[in-house]
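The values are calculated or read from the model by the stated rules, or taken from the named source; none is laboratory data. Since the structure is predicted, the reported quantities are computational estimates derived from the model, not experimental observations. Don't worry about glycine lacking a Cβ; one is built from the backbone with ideal geometry, like all the others, and counts go over all protein chains shown. All accessible areas refer to the heavy atoms of the entire protein, side chains included, with ligands and DNA or RNA removed. Shrake-Rupley method; radii C 1.70, N 1.55, O 1.52, S 1.80 Å.
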Amino acid sequence: MHIGTYSNNIAFYLHCLDRNEEALTEIQKAILYDKENTLFYHKQAEILFTLQLKREALANIEKPIELEDSEDKQILKIEILKQINLQKN
């Protein structure tokens, strides 16, 4: 198994367990091994969003959209933007 995939899987399970700081560390490791994997950036954006780091999440969802746009990425981006706009009001 590719090391990046292994770290992504660990990040996924840690995120499911609400151990988001640890999940963020693991997904960052995955990205170091494969900077072109859209799934890794998408997962990082989800984790950052969960940690209430919305602007960072928005910046991170842009990379996978650039590489390979899809409906699930656009949905996450819209949700992040909604939350940012709610904070402004």
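Looking at Gln87, is it open to solvent by 90 Å² or more (accessible area, probe 1.4 Å), within 21 Å of Asn20 (Cβ to Cβ) and not in a helix (DSSP H, G or I)?
So Gln87 does not fit the description; no.
For the stretch 53-64, indicate whether the set of residues that are of a type in the set (Gly, Ala, Ser) and either in contact with a Phe, Trp or Tyr (Cβ under 6 Å, 6 or more places away or on another chain) or part of a helix (DSSP H, G or I) (or both) is non-empty.
Scanning the stretch 53-64 turns up at least one residue that is of a type in the set (Gly, Ala, Ser) and either in contact with a Phe, Trp or Tyr (Cβ under 6 Å, 6 or more places away or on another chain) or part of a helix (DSSP H, G or I) (or both).
Please state which of the following conditions Pro64 fails to meet, knowing it meets all the rest: (1) modelled with pLDDT of 95 or more; (2) crowded, with 24+ Cβ neighbours inside 10 Å.
The failed condition is (1).
Among the residues in the stretch 14-25, are any in a helix (DSSP H, G or I), of a type in the set (S, T, N, Q) and in contact with a Phe, Trp or Tyr (Cβ under 9 Å, 6 or more places away or on another chain)?
Scanning the stretch 14-25 turns up no residue that is in a helix (DSSP H, G or I), of a type in the set (S, T, N, Q) and in contact with a Phe, Trp or Tyr (Cβ under 9 Å, 6 or more places away or on another chain).
Whether any residue in the stretch 34-44 is open to solvent by less than 50 Å² (accessible area, probe 1.4 Å), within 12 Å of the chain's Cα centre (by Cα) and farther than 30 Å from Lys88 by Cα is what I want to check.
So far as the stretch 34-44 goes, yes, one or more of its residues are open to solvent by less than 50 Å² (accessible area, probe 1.4 Å), within 12 Å of the chain's Cα centre (by Cα) and farther than 30 Å from Lys88 by Cα.
How about the stretch 1-19: which of its residues are more than 11 Å from the chain's Cα centre (by Cα) and under 15 Å from Gln52 (Cα atoms)?
Listed by number, the residues that qualify are Asp18, Arg19.
Does the stretch 54-61 contain any residue that is without any contact (Cβ under 8 Å) to a residue 60 or more places away in the chain, over 26 Å from Tyr6 (Cα atoms) and open to solvent by 40 Å² or more (accessible area, probe 1.4 Å)?
Among the residues of the stretch 54-61, at least one is without any contact (Cβ under 8 Å) to a residue 60 or more places away in the chain, over 26 Å from Tyr6 (Cα atoms) and open to solvent by 40 Å² or more (accessible area, probe 1.4 Å), which makes the answer yes.
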